[in-house]
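K.L.:
Please read through the structure below; I'll follow up with questions.
The values are calculated or read from the model by the stated rules, or taken from the named source; none is laboratory data. Here the structure is a predicted model, which is why all the values come from computation and not from measurement. Here the Cβ positions follow ideal geometry from the backbone for every residue, glycine too, while neighbour counts run over all protein chains shown.
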Amino acid sequence: MKRSRVGFMFILPWLIGLILFTTFPLIAALFIGFTDWNIAGNANWVGFDNYIELFGEDAFWNAMWVTFRYAIVAIPMTTITALVVAIVLAKDIRGAGIFRVIFYMPAVVSGAAVAIIFKWILDANFGLLNGFLELFGIVGPDWLGDPSWVFPSYLILALWGAGSGLFIFLAAIKDIPRSLYESAIIDGASVFQQATKITMPLVTPIIFYSLVMGIIGAFRKFTDAFILGGAGDQGEFVMVYLYDLAFADYQMGKATALAWILFVIILTLTIILNVSKKYWVHTE
């Protein structure tokens, strides 16, 4: 009994934190989602009205389309890029360590700092990217000012940050037994065949992890989208729309309802991915 009390006292700070900062806010958020609350006044119960209004607003569907489109393209693109770079850098080539640092560096830079830098890089008149294109006689577009170029702008930013998954892929590749590659070489397998028949199947657990984290990251995309924006609401991701509802329009109830919708979407996609992994993820 005394041992149990001692153990309970050790976990008590964590338990208090769990109740105060996780459980209580979740219950409060669930309640707020069914109310009309502007932060300052009283919360009035409105039932499912917030959810019904959200599904009837064009801004909601635009934010969903912008986010889903970004997730569908950016997640595979960054995952494949990180995997390909990891395969190349796993080789014993000169300067591999320097390239690893260069590719991973974006992962340690503040999201706000990255967004501010890219706001300059993508500037139509004085931006680094258009200045580079001008060297070849190409007139660069108005990346963030032209609605048709906003989406490619965010893909460029996503590709620049693809190195964040580099080291986990690199660790997985380094963990593959060298005897498998040696046997493949003896059998006459090319470098491409080694990558597709040995490396790819054995790193599928990491690909699965990368896809799950990519889904969560895409639907929680806020910092760079908030700073960069984009013409024609093409930079209005779901989290930016949620922020506007909560802190610009003071519709906290509707914003909380949107947060729960976002939670259900992420949970559903993660479950689907988890169910499908038995068909393509390699297990020991």
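K.L.:
Residues that are at pLDDT 90 or above, assigned to a helix (DSSP H, G or I) and either closer than 21 Å to Asp244 by Cβ or not β-branched (Val, Ile, Thr) (or both): does the range 32-41 have at least one?
P.N.:
Narrowing the range 32-41 to residues at pLDDT 90 or above: 32-37.
Imposing the further condition that a residue be assigned to a helix (DSSP H, G or I) reduces the set to 32.
This time we only want the ones that are either closer than 21 Å to Asp244 by Cβ or not β-branched (Val, Ile, Thr) (or both), so: 32.
Yes, because at least one residue in the range 32-41 is at pLDDT 90 or above, assigned to a helix (DSSP H, G or I) and either closer than 21 Å to Asp244 by Cβ or not β-branched (Val, Ile, Thr) (or both).
K.L.:
Among Thr204, Thr283, Thr196, Thr268, which is the only one that is under 15 Å from Thr67 (Cβ atoms), surrounded by fewer than 19 Cβ atoms within 10 Å (Cβ to Cβ) and of a type in the set (Val, Ile, Thr)? Break it down into steps so the answer makes sense when it comes.
P.N.:
Details: Thr204 fails: under 15 Å from Thr67 (Cβ atoms); Thr283 fails: under 15 Å from Thr67 (Cβ atoms); Thr196 fails: under 15 Å from Thr67 (Cβ atoms).
The conditions single out Thr268.
K.L.:
Can you name the residue in the range 196-247 that is hydroxyl-bearing (Ser, Thr, Tyr) and within 16 Å of the chain's Cα centre (by Cα) and, of all such residues, is farthest from Gly161 (Cα to Cα)?
P.N.:
Looking only at the range 196-247, we keep the residues that are hydroxyl-bearing (Ser, Thr, Tyr), and these are 196, 199, 204, 209-210, 223, 241, 243.
In the following step, the residues that additionally are within 16 Å of the chain's Cα centre (by Cα) were identified as 209-210, 223.
Values: Tyr209: 17, Ser210: 13, Thr223: 14 Å.
Only one residue fits best here, namely Tyr209.
K.L.:
Contact list please: Cβ distance under 7 Å, first residue in the range 233-247 and within 12 Å of Ala59 (Cβ to Cβ) and without any contact (Cβ under 8 Å) to a residue 40 or more places away in the chain, second residue assigned to a loop (DSSP other than H, G, I, E, B) and not charged (D, E, K, R), pairs at least six apart or on different chains.
P.N.:
Leu245/Gln251
K.L.:
Would a scan of the range 273-284 turn up a residue that is of a type in the set (A, V, I, L, M, F, W, C) and within 29 Å of Phe31 (Cβ to Cβ)?
P.N.:
From the range 273-284, those of a type in the set (A, V, I, L, M, F, W, C) are 273, 275, 280-281; that's our starting set.
Now drop any that are not within 29 Å of Phe31 (Cβ to Cβ), which leaves none.
No.
K.L.:
Also: Looking at Glu236 and the list (1) modelled with pLDDT of 90 or more; (2) of a type in the set (D, E, K, R); (3) part of a helix (DSSP H, G or I), which single condition is not satisfied?
P.N.:
Answer for Glu236: the failing condition is (3).
K.L.:
Would you confirm, using the coordinates I've provided, whether Phe136 is surrounded by 11 or more Cβ atoms within 10 Å (Cβ to Cβ), at negative phi and not small (Gly, Ala, Ser)?
P.N.:
Values: surrounded by 11 or more Cβ atoms within 10 Å (Cβ to Cβ): no; at negative phi: yes; not small (Gly, Ala, Ser): yes.
It is false that Phe136 is surrounded by 11 or more Cβ atoms within 10 Å (Cβ to Cβ), at negative phi and not small (Gly, Ala, Ser).
K.L.:
Here are some residues: Gly33, Gly41, Gly17. Which one is farther than 30 Å from Leu170 by Cβ and touching a Phe, Trp or Tyr at 6+ places or on another chain (Cβ under 8 Å)?
P.N.:
The match here is Gly33.
K.L.:
Scan the range 81-135 residue by residue and report those that are modelled with pLDDT under 90, in a helix (DSSP H, G or I) and hydroxyl-bearing (Ser, Thr, Tyr).
P.N.:
Of everything in the range 81-135, just one residue is modelled with pLDDT under 90, in a helix (DSSP H, G or I) and hydroxyl-bearing (Ser, Thr, Tyr), namely Tyr104.
K.L.:
With the structure loaded, tell me whether Leu157 is touching an Asp or Glu at 6+ places or on another chain (Cβ under 9 Å), closer than 27 Å to Ala86 by Cα and surrounded by 14 or more Cβ atoms within 10 Å (Cβ to Cβ) or whether it fails that test.
P.N.:
yes
K.L.:
Right, another one. How many residues are surrounded by fewer than 14 Cβ atoms within 10 Å (Cβ to Cβ), within 25 Å of Thr223 (Cβ to Cβ) and either among the charged types (D, E, K, R) or under 16 Å from the mean Cα position of the chain (by Cα) (or both) when one looks only at the range 94-106?
P.N.:
0
K.L.:
Looking only at the range 151-177, count every residue that is touching a helix residue (DSSP H, G or I) at 6+ places or on another chain (Cβ under 7 Å), assigned to a loop (DSSP other than H, G, I, E, B) and not β-branched (Val, Ile, Thr) and tell me the total.
P.N.:
Counting residues in the range 151-177 that are touching a helix residue (DSSP H, G or I) at 6+ places or on another chain (Cβ under 7 Å), assigned to a loop (DSSP other than H, G, I, E, B) and not β-branched (Val, Ile, Thr) gives 1.
Yes/no per residue for (1) within 29 Å of Met213 (Cα to Cα); (2) surrounded by fewer than 18 Cβ atoms within 10 Å (Cβ to Cβ); (3) touching a residue at least 60 places away in the same chain (Cβ under 8 Å):
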site	(1), (2), (3)
Glu53	no, yes, yes
Ala59	yes, yes, yes
Asn62	yes, yes, yes
Thr78	yes, no, yes
Lys91	yes, yes, no
Ser110	yes, yes, no
Ala124	no, yes, no
